[in-house]
Amino acid sequence: MQTTIRHLTAALVTTVLSAALALAALAEDVKAGAITIDGPWARPTVGEGTSTAAYMKIANGADQPDRLVSVASDAAGHVMLHESRMEGEVMKMAHLADGIVIPAHGTVELKPLGLHVMLMGLKAPLKAGDMLALTLRFEKEGEVKVDAKVGAGPATSAGHGMHGPH
């Protein structure tokens with residue numbers, strides 16, 4: 001009888017923990033009106049580095065395009081929308097003062113070596129497993145708050161797209 005109760009208790013605990021982990025994974029994606037933010041993540045800082053980049057997929061389910069006009073974070077002194085692009089044989093970053101258009105019924109991916117959120121003047125280093133609070137400001141949808149998980153994202157590979165101090 002005690003063995004059966006132990007097995008049932010262990011099964012219940014395992015089920016509850018699995019459900020909690022599934023909910024935690026789902027909590028990373030955010031839906032606000034027609035905008036869906038999928039898989040937000042940020043790179044950990046290197047040593048005492050004061051800058052990093054954040055990435056995510058942004059989908060717009062509306063019949064009209066929207067524009068990500070800015071991003072803010074209490075964790076950084078300055079946050080900008082950037083694009084990395086090759087100019088000749090040199091990779092350069094450009095500030096996107098006009099923001100990023102999210103097409104109607106379309107998706108834009110912010111990813112290493114492409115569009116990204118650049119965070120500079122970090123108030124503390126970011127370690128893998130930390131959460132980074134971001135406020136995305138859209139032209140039509142307004143403010144959308146997301147928590148980006150700090151760590152290696154799905155699009156990273158060793159040595160590619162790393163951001164160091166600017």
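Classification of region 31-150 by its C-alpha gyration tensor yields an oblate form. The axis ratio a/c (a ≥ b ≥ c) is 1.5 or more, and b/c is at least a/b. A simple count of charges around Gly49, restricted to other residues whose Cβ falls under 15 Å of its Cβ and scoring Lys, Arg +1 and Asp, Glu -1, yields +1. Positive contributions from Lys and Arg (+1) and negative ones from Asp and Glu (-1), summed over other residues with Cβ under 13 Å from the Cβ of Gly142, come out at 0. For Lys57, a cut-off of 20 angstrom between C-alpha atoms picks up these lysines, skipping any fewer than 8 places away in its own chain: Lys31, Lys111, Lys140, Lys145, Lys149. Each part reduced to its alpha carbon centroid, region 43-59 and region 82-117 end up 15 Å apart.
Every number here is computed from the coordinates shown, using simple stated rules; none is lab data. Everything quoted here is computed from the prediction, not taken from an experiment. Cβ atoms come from the backbone with ideal geometry, glycine included; neighbour counts cover every protein chain shown.
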